[in-house]
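*Asks:* Before I ask anything, let me first share the structure, which is written out below as structure tokens.
The values are calculated or read from the model by the stated rules, or taken from the named source; none is laboratory data. Keep in mind it's a predicted model, so treat the numbers as computed, not measured. Using ideal geometry, Cβ is built from the backbone for each residue, glycine included, and neighbour counts are taken over all protein chains shown. Quick note on the areas: whole protein, heavy atoms, side chains included, nothing else; ligands and nucleic acids left out. Shrake-Rupley method; radii C 1.70, N 1.55, O 1.52, S 1.80 Å.
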Amino acid sequence: MQPEDSPALRALYASFEAEHLIPLWTQIDDLMPVHPRPKAVPHVWKWSHLLPLAERSGALVPVGRGGERRAIGLANPGLGGRPYVSPTLWAAIQYLGPRETAPEHRHSQNAFRFVVEGEGVWTVVNGDPVRMSRGDFLLTPGWNFHGHHNTSDKPMAWIDGLDIPFSYQNDVGFFEFGSDRVTDYATPALSRGERLWCHPGLRPLSGLENTVSSPIGAYRWEHTDRALASQLALEDEGFPATAAPGHAAIRYVNPTTGGDVMPTIRAEFHRLRPGSATPQRREVGSSVFQVFEGRGGVVLGGTEHRLEKGDMFVVPSWVPWSLWAEQAFDLFRFSDAPIMERLHFARSHIGADTP
């Protein structure tokens, strides 16, 4: 029901433009589609390509004031060259050379690290040295000073996840430089936060107030692995313990609330038995996965991609996806689900039919 073209109508539109006005009736298909039509597109990044590029960057690009970090952002091909993996999330591979130190800074944006391989690096968060090792999920909530130092003679790479695009779009970001080094070069096996908080079912009386983000600096692989293995063992015994048949999964949580580890980012870990698959799913909001171990694939927007260790992929809003496992298949996942749920935009659909 668009109006007929006429000199008067064109004059009206010219007057709108002069006053920086745009009528809804010419824009409604773009502004209010019948379902999400994301500009971000599904995409897969191969670890076999990412890691050599990070290694080349290590030889050519210094770490220090100015660039701050040797981090290479995954740029979604649908977002016009922005260094964003989705409209709300940033994902990057970060590389620290032997004996290098990344100086301390802090920012409003929430951040985490996930280690697919390697050891020998400590991240120091608000003065607390936190060991980084294979399979560990490590937090740097917003406005915490943090830096990294490599104590070994080998380089190390990991992935970073942040809410940079969400923060940028909403003009909420602050940034502040800290020490040119790190405030504590100790290398403890466990951080102070872990020693205080990481005892199953036990909460220190010194920490009875709920916190916005989790006080745990590192969620260790041995605990994640044991939890997933126990779910599958219970399934073998006939008990309901898995997310779906052959599909074990955990969510990392804030022990003070039982909710997500940070207010804008959800993190999970998934394990599929060989030969198993997940049903097709659509969700409002975006997710990023990294293969931790094994072989399998993802059907992403109707296209199948084979995956192996280290590979990463993004699932934009309302794009259908499903996983399948050739071998035992372990995947780390993070998403913007806390934002979508808190704003009551969350919606999901399981099955092949479009809702």
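*Asks:* Test T278 against the stated conditions and say whether it is open to solvent by less than 20 Å² (accessible area, probe 1.4 Å) and more than 19 Å from the chain's Cα centre (by Cα).
*Replies:* No: the conditions fail for T278.
*Asks:* Output the residues belonging to segment 242-255 that are open to solvent by 10 Å² or more (accessible area, probe 1.4 Å) and of a type in the set (S, T, N, Q).
*Replies:* Passing the criteria: only T242.
*Asks:* What are the pairs, 6+ residues apart or on separate chains, where a residue within segment 276-291 that is touching a residue at least 60 places away in the same chain (Cβ under 8 Å) and over 20 Å from G310 (Cβ atoms) has its Cβ under 6 Å from a residue that is open to solvent by 40 Å² or more (accessible area, probe 1.4 Å) and outside any loop (DSSP other than H, G, I, E, B)?
*Replies:* P279/I350; R281/I350; R282/H349; E283/S348
*Asks:* If you don't mind, another one. Got a sec? Which of A71, A40, A111 is within 18 Å of H146 (Cβ to Cβ), small (G, A, S) and touching a Leu at 6+ places or on another chain (Cβ under 9 Å)?
*Replies:* None of the other options fit; the residue is A111.
Conditions (1) closer than 16 Å to G178 by Cβ; (2) at pLDDT 95 or above, marked per residue:
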site: E68; (1), (2): yes, no
site: N76; (1), (2): no, yes
site: Y84; (1), (2): no, yes
site: Q109; (1), (2): yes, yes
site: V115; (1), (2): no, yes
site: V125; (1), (2): yes, yes
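*Asks:* Okay, next question. Any residue at all in segment 231-241 that's in a strand (DSSP E or B) and loosely packed, with under 12 Cβ neighbours inside 10 Å?
*Replies:* The answer is no; no qualifying residue exists.
*Asks:* Please go through segment 171-189 and pick out each residue that is open to solvent by 80 Å² or more (accessible area, probe 1.4 Å) and either hydroxyl-bearing (S, T, Y) or on the phi < 0 side of the Ramachandran plot (or both).
*Replies:* F174, F175, F177, D180, R181, T183, Y185
*Asks:* Being of a type in the set (K, R), at pLDDT 95 or above, at negative phi and over 21 Å from the mean Cα position of the chain (by Cα) narrows it down to one residue among R273, R251; which is it?
*Replies:* Values: R251 fails: over 21 Å from the mean Cα position of the chain (by Cα).
Exactly one of R273, R251 is of a type in the set (K, R), at pLDDT 95 or above, at negative phi and over 21 Å from the mean Cα position of the chain (by Cα), namely R273.
*Asks:* List the strands (runs of 3 or more DSSP E) that sit entirely inside segment 36-115 and contain at least 2 residues that are crowded, with 19+ Cβ neighbours inside 10 Å and charged (D, E, K, R).
*Replies:* Answer list for segment 36-115: 101-107.
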